[in-house]
Amino acid sequence: MESNGKAEKHGLERDADLQLLLVGGELLKVRSSSWKKNRFYKLQEDCTTMWHESHRTFKRNQTFSIDEIESVRKGRQSEGLQKHTEAHVEDRCFSIIFKGRRRNLDLIATSAEEARQWVNGLEKIISNMKKLNSHWIFNCMRKADKNKDNKMTLKELKHFLRQINIEVDDMYAEVLFAKCDKSNSGSLEGPEIKHFYDLLIYREEIDVIYGKYATTGEQMSVKDLLNFLLNEQREVATMEDAVSLIERYELDDSAKQKNHMTKDGFLMYLHQEEGSIFNPAHKEVFQDMSQPINHYFISSSHNTYLMEDQLKGHSSTEAYIKALMKSCRCVELDCWDGAHGEPIIYHGHTLTSKVLFKDVIKAIKEYAFKTSEYPVILSLENHCTLEQQKLMAKHMISILGSALLTSPLEDQMPTAFPSPQVRDEQIINQSNHQSTHPPINPPEDEAAETSNSKTDTNGQKAKAKKSKIKLAKQLSDLVIYCKSVHFSGFEHAKDKQAFYEMSSFKESKAVNLAETAGNAFIHHNMTKLSRIYPAGSRTDSSNYNPVSLWNAGCQIVALNFQTPSKEMDLNQGRFRSNGVSGYVLKPGFQRYPGTEFDPMTLTKGPCVVYYSVISAQQLPKLNKDKCKSIVDPLVKVEIDGVPADTCSKETRSIENNGFNPMWNETFQFDIQVPELALVRFLVEDYDSTSQNDLIGQYCLPLTSLQNGYRHVPLLTKHGDVIPSAGLFVHLMLLDAK
């Protein structure tokens, strides 16, 4: 059986960087200042797996999949390399960052050129794998070829089917095998394997759709394709648009010359962004970015420094990097006095580890604008003495340089917030204490609010008290637009509060205000900023539902980014649109005075959405250690928005088929406020005796949906793309008027 995952499959067969990876080489693995070991690393011939030497007695050979890699960083750009290596090896260093919570792999090459080749080679493989929908199937076929003779026996075929999540009885397997074994040799090879593969990827539902529109010699003419785009996809398309799709996605040159699209080309188109459920126009910044920042929802993180829980979790610059790379635009820094005069960041009065304030500022400087060019807000919770506050100010000014906002953007005293686009790559400070210089009581102090539930380093409960904080002028002068004040009611805020004075609310108080005074909260947020943070009782770093706070117009709804959860799925969905910029413009009825909108008592007109869940493709196995463990998938479609819109509907489960299950089930949703609604697709493994296991999920704003036949990508609980897996749906959004 041929290995179709090799370099030629990636179009990189003559690439020098890839050849280095295939030959392999020794790299210095770094775990600490004293643990640095030479280990051999090599890319396997399938170009999807990395082998590395291990000296553990119980595990000599180890591999990891390229799919497990989130990114590759060149230089000393990880916390480990910065802490455990010297600056002179900067150009020889690189780090492999894994998805989820797996530890980074910090490496040092023998030369700067070798490091460059490793980084470039890995990035090329990662990029190309994302473009290859079939590599997963080929990789499974390779694994099924137990004796590596490039042939597939009936036994190997059965093993392969289990690998790709299909349970078949022996009779069906024998029929499928006999149909492909044209040579009657008892094994499949060459064209027979290709025939088997074609039978395997056959999509009945695509045949039906294609056959309905292909009226020209069993192929789609450009006119047929245009009819499909207009009638099924409900796109504003022209003949030129149809021609363009044929030019880009048709694989058959003779069909392309006739301006025809074959079934293979049609399927290719449906798997591209034009056939995705997510409107490709929303992958770019498409909203008005010239309005004041309080007119936007802002992607925000709580206790950003934590990788795990709130009591004993690890604090790390990596947590800031991960949040910023997800376009988080408001990060939190809990600042305390540290040893040797250096301020530190950690969750005070707990056993969480500590990280230097200056190291966090360096990480923010490096990664703040990798994914989004729009402003980052530093939410400073300050518990430091005057001397260390002065050092905090010095670090921010020296490290952040011109990116740090140190004076109002206007020539005169400002009367409103700046817009996100007023100046590129801007960092704004928001202090959680009043910027005055005599001793003051902090207005909304999370450390004080949660101190009853915190434990000091001696294991004793900390006494609940609000300490008086004196602020250094050098630090308070850096707080320009976001001065934190106590919330004393909406009327008081309207009459007495300046626009730049913002309040922080713990989740229970904010939710209560949203439910009992929704319209007043919305009007408050038209001119002020509101920050919401999780309850102190969430010591496990769990999250609250952000939707009701967005419904009330709250901008900075801070979540624990390190915790996979439905709430983080919703956050990722909310900020998926507008170019993943971290800023999403609020609807007009949440921005302009005079609105009567209240999320609890609706006044808006509805729309109707019809979802048809048709099929799924290549769902991953959840228990890979059990070869006969096949998923029984079902699909849930959830709407999260105002209370009247929030609901969930689900399909039946399909037994023992994760490769190509089909449902063909249709649901209707009546939506009152589409501007605030989020759609979340979940695929679960049904279990009659316990809670269903998550297979994959995808969330996006209702207003970012595309009508018609669409593919839905699937993500892990951590938000990473599951290669080749997806749903196929049909949807129609209609105005109910």
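The values are calculated or read from the model by the stated rules, or taken from the named source; none is laboratory data. Values in this document were obtained by computation on a predicted structure and should not be read as measured data. Please note: Cβ atoms are built from the backbone with ideal geometry, for glycine as well, and neighbour counts cover all protein chains shown. For accessibility, only protein heavy atoms count, side chains too; no ligands or nucleic acids. Shrake-Rupley method; radii C 1.70, N 1.55, O 1.52, S 1.80 Å.
Taking all protein chains in place and a 1.4 Å probe, what share, in percent, of the accessible surface of segment 213-349 do carbon and sulfur account for?
The value for segment 213-349 is 49 percent carbon and sulfur by accessible area.
Could you give the accessible area per residue of the chain, probe 1.4 Å, as a whole number in Å²?
Counting only protein heavy atoms, the per-residue value for the chain is 43 Å².
Using a 1.4 Å probe on the protein heavy atoms, what percent of the accessible area of segment 486-602 belongs to carbon and sulfur?
Carbon and sulfur together cover 52 percent of it.
At R0 = 35 Å, how high is the FRET efficiency between GLU342 and GLU515 if r is their beta carbon distance? Nearest 0.05 is fine.
Once rounded, the FRET efficiency stands at 0.20.
Give the aspartates and glutamates whose C-alpha is closer than 13 Å to that of LYS636, dropping any in the same chain fewer than 8 places away, or say none.
Straight-distance partners of LYS636: GLU650, GLU665, GLU684, ASP685, ASP693.
Quick check: pseudo-label points 7 Å beyond the Cα along Cα→Cβ at HIS486 and LYS312, how many nm apart are they?
Output for this residue pair reads 3.7 nm.
Quick one: which residues, 5 or more positions from ILE695 or on another chain, have an amide H under 5 Å from its amide H? H modelled 1.01 Å from N in the peptide plane, none for Pro or chain starts.
Amide H to amide H, under 5 Å and 5 or more residues apart or across chains, ILE695 pairs with VAL683, GLU684, ASP685.
Could you name the aspartates and glutamates in cross-link range of LYS99, using Cα to Cα under 17 Å and dropping any fewer than eight places away on the same chain?
Once the sequence-local aspartates and glutamates are set aside, what remains near LYS99 is ASP67, GLU68, GLU70, GLU79, GLU123, GLU308, GLU318, ASP569, ASP720.
What full-extension length gain, to one decimal in nm, is calculated for ALA416 and LEU22 as 0.36 nm per residue of separation minus the Cα-Cα distance?
Extra length available between ALA416 and LEU22 comes to 136.1 nm.
How many percent of DSSP beta bridges within the chain run antiparallel, rounded to 5?
75
How much length is gained if the chain between SER542 and LYS37 is pulled fully straight, taking 0.36 nm per residue apart and subtracting their Cα-Cα distance, in nm to one decimal?
Gain in length upon complete extension: 178.1 nm.
Would you mind getting me the FRET efficiency between GLU45 and LEU694? Use the beta-carbon distance for r and R0 = 45 Å, nearest 0.05.
E(calc), rounded to 0.05, equals 0.85.
Under a crude label model (7 Å from the Cα following the beta-carbon direction), how far is ASN150 from TYR592 in nanometres?
Label at ASN150, label at TYR592, 6.9 nm between them.
What full-extension length gain, to one decimal in nm, is calculated for ASN231 and SER508 as 0.36 nm per residue of separation minus the Cα-Cα distance?
Full extension of this stretch gives 95.0 nm more.
When only Cα pairs under 8 Å and 6 or more residues apart are kept, what is the percent relative contact order across segment 481-597?
Once divided by the residue count of segment 481-597, the mean separation gives 23 percent.
I want to make sure I understand the PRE zone here: with the label point 7 angstrom from the Cα of SER402 toward its beta carbon, which residues in segment 348-392 have backbone N atoms less than 14 Å away?
Within reach of a label on SER402: no residues.
Bin by bin, in steps of 10 Å, what percent of the Cα pairs in segment 563-615 do you find, going until the bin that has the longest distance?
Using 10 Å bins, I get a P(r) of 18, 27, 44, 11, 1 for segment 563-615.
In the set (i) 1.70; (ii) 1.05; (iii) 0.99, which value of Rg/Rh (Cα atoms, Kirkwood Rh) was calculated from the structure you see?
The value computed from this structure is option (iii).
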